[in-house]
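Asks: Sharing a structure below in structure tokens format, with a few things to ask.
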Amino acid sequence: MLRSLAVAALLACPALWVMSGAAVCWGEDWRQWRGPAGDGVSGERGLPQRWTREQIAVNSLGESSNSSAAISNGRLFLRTHKSLWCPGNKE
């Protein structure tokens with residue numbers, strides 16, 4: 001009985017480790033250029049293929065920029081040549 005419990009625990013540990021790593025992959029932040037894997041591909045499913053005019057948000061930053069947006073902890077960050085913008089941030 002004790003031996004079968006030990007074997008079950010040894011088999012469960014790798015399975016739990018793999019599942020915990022998979023959970024981290026879902027809904028990842030885009031903290032770097034071209035996303036989590038650096039390939040520009042989102043793992044999210046069910047995203048819209050087309051956008052209506054009401055869904056498109058356009059705003060001028062007033063400065064030039066060659067960077068892409070980054071998302072971390074649910075916040076959007078935009079880097080320009082002179083500053084870092086975080087829309088909606090009061091700080």
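Asks: Would you point out the residue of region 56-75, among those that are closer than 17 Å to GLY40 by Cβ and hydrophobic (A, V, I, L, M, F, W, C), that is nearest to the chain's Cα centre (by Cα)?
Replies: Filtering region 56-75 for residues closer than 17 Å to GLY40 by Cβ gives 66-71.
In the following step, the residues that additionally are hydrophobic (A, V, I, L, M, F, W, C) were identified as 69-71.
Details: ALA69: 12, ALA70: 9, ILE71: 6 Å.
That would be ILE71.
Asks: Scan region 43-63 and give yes if some residue there is surrounded by 10 or more Cβ atoms within 10 Å (Cβ to Cβ), modelled with pLDDT of 80 or more, polar (S, T, N, Q) and in a loop (DSSP other than H, G, I, E, B), otherwise no. Spell out the reasoning first.
Replies: Start the filter on region 43-63 by keeping residues that are surrounded by 10 or more Cβ atoms within 10 Å (Cβ to Cβ), which leaves 43, 61, 63.
Next cut, modelled with pLDDT of 80 or more only: 43, 63.
Going one step further and asking which of them are polar (S, T, N, Q), we end up with none.
No, because not a single residue in region 43-63 is surrounded by 10 or more Cβ atoms within 10 Å (Cβ to Cβ), modelled with pLDDT of 80 or more, polar (S, T, N, Q) and in a loop (DSSP other than H, G, I, E, B).
Asks: So, one more: Do we have any residue at all in region 62-83 that's more than 18 Å from GLY35 (Cα to Cα) and hydrophobic (A, V, I, L, M, F, W, C)?
Replies: No - not one qualifying residue is present in region 62-83.
The values are calculated or read from the model by the stated rules, or taken from the named source; none is laboratory data. Being a predicted model, the structure only gives us computed values, none of them experimental. Quick reminder, even Gly has a Cβ in these numbers, built from the backbone with ideal geometry, and neighbours come from all protein chains shown.
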